[in-house]
C-alpha cells in the first residue's frame, strides 16, 4: 500500500513540477544565455531534493510486529 500511495504522490509532484518548470523556462527563453545556463541544470536536478523523504518512506521496511498471543 505504501508503494502505491508513494507512487501517486510522486506522479502528482512530477506533473506539477514539470508544468511550473516549463512555464518559467518559457519565460526565460528570450533572456540572456547565462540565465538559461543557470536555470536548466538547476531545475533539472532540483526536483529530487523534496522527494528524498518520500522515496525513503516508500522503500522503508516495516517493523515486525509481535503476535498478540505471545
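All of the numbers you see were taken from the coordinates with simple rules; none came from a lab. Predicted model, so just to flag it, every value in this text is computed and none were measured. Backbone-built Cβ (ideal geometry, glycine too); neighbour counts: all protein chains shown.
With respect to (1) surrounded by 12 or more Cβ atoms within 10 Å (Cβ to Cβ); (2) touching a residue at least 24 places away in the same chain (Cβ under 8 Å); (3) in contact with a helix residue (DSSP H, G or I) (Cβ under 7 Å, 6 or more places away or on another chain), the lone exception for residue 2 is condition (1). The set of residues in region 43-55 being exposed (fewer than 10 other Cβ atoms within 10 Å of the Cβ) and assigned to a helix (DSSP H, G or I) consists of 45, 52, 53.
Given the criteria in contact with a helix residue (DSSP H, G or I) (Cβ under 6 Å, 6 or more places away or on another chain) and free of Cβ contacts under 8 Å to residues at least 60 places away in the same chain, does residue 42 qualify? Give the steps one after another, and end with the answer.
On the way: in contact with a helix residue (DSSP H, G or I) (Cβ under 6 Å, 6 or more places away or on another chain): no; free of Cβ contacts under 8 Å to residues at least 60 places away in the same chain: yes.
No, not satisfied.
Could you list, in sequence order, all residues of region 14-35 that are in contact with a helix residue (DSSP H, G or I) (Cβ under 8 Å, 6 or more places away or on another chain) and part of a helix (DSSP H, G or I)? If the condition is that a residue be in contact with a helix residue (DSSP H, G or I) (Cβ under 8 Å, 6 or more places away or on another chain) and part of a helix (DSSP H, G or I), then 21, 24, 25 are the ones that fit.
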